[in-house]
1. Round to the nearest 0.05 the FRET efficiency obtained for D47 and N141 when R0 = 41 Å and r is the Cβ-Cβ distance.
2. Convert each backbone phi in region 80-90 into a coupling constant with the Karplus relation 6.51 cos²θ - 1.76 cosθ + 1.60 (shift: θ = phi - 60°), then list the ³J(HN,Hα) values in order as whole Hz, x for Gly and Pro.
3. Under 19 Å Cα to Cα from K160, which lysines show up? Leave out anything in the same chain fewer than 8 places away.
4. Can you pull the one-decimal nm distance between simple spin-label points at V76 and S173, each 7 Å off the Cα toward Cβ?
5. When ranked by the protection proxy of mean other Cβ atoms within 10 Å per residue, highest first, what sequence do the peptides 17-25, 123-131, 110-118 form?
6. What nm distance separates the two modelled labels at E152 and Q166, each placed 7 Å from Cα along Cα→Cβ?
7. Sequence neighbours fewer than 8 away in the same chain don't count; with that in mind, list the lysines whose C-alpha is under 18 Å from K29.
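Every number here is computed from the coordinates shown, using simple stated rules; none is lab data. Quick caveat: nothing in here was measured; it's all calculated off a predicted structure. Note that each Cβ is placed from the backbone with ideal geometry, even for glycine, and that neighbours are counted across all protein chains shown.
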Amino acid sequence: MFGNNSAGVETEINRLVPKSLNVFVWRVKRRRIPVRAELDKRGIDLDSVRCPMCDDSLETIEHAMILCKFAYEIWVRVYRWWSFGNPTNLSIGEIFNGVGNNIRGEVGKEIWQVVEWVSGYVIWKYRNQKVFQNKETAIPNIVNEIQVKSYEWISRRSKKLNVEWQQWFINPSSYVNGAPSRVGIG
Ligand SMILES: [Zn+2]
């Protein structure tokens, strides 16, 4: 459910996503994902503390999730998909606790939160793919995975919302501001 921020984020879960994603978010908020800067702090010997995606900066949680040009490009495309402006001043707190973007209504907030959480999860997944398999995936395919995964989870678990794939893909914002205008499915 969508928790009360002032009561602390500790108990916040989103019932639309699997437990594994709730656990991932819980870990990110407590800075318990193994980015290189965190491993280094704990005395683990690493060849490099730089970001494996861009090799340009220290890999902090903020860098891996937001500031890296790889991650940021994904946020830009997710925001564009939702017809929001470019993401500015993104923070871990805003992404994983938060709302923003003038989304009103409990259902809308909950589904936008799913999109943000899935985006973070998928960014981390592809970072790990690069580290452990030295494999890269094109950004449009990654964004598509975010669209598909969020759709599957929301449509499977939301009782309040009947999400149509085509509408979800073309104009997801319509689901957060009242009834969506229908599009024909060929
Ligand atoms: Zn980077």
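1. Values: r = 28 Å, r/R0 = 0.69.
The formula returns an efficiency of 0.90 here.
2. 5, 4, 8, 6, 9, x, 4, x, 10, 6, 5
3. K109, K149
4. 1.8
5. On the way: 17-25: 15.3, 123-131: 17.0, 110-118: 22.7.
Highest to lowest by the protection proxy: 110-118, 123-131, 17-25.
6. Output for this residue pair reads 2.3 nm.
7. K19, K41, K125
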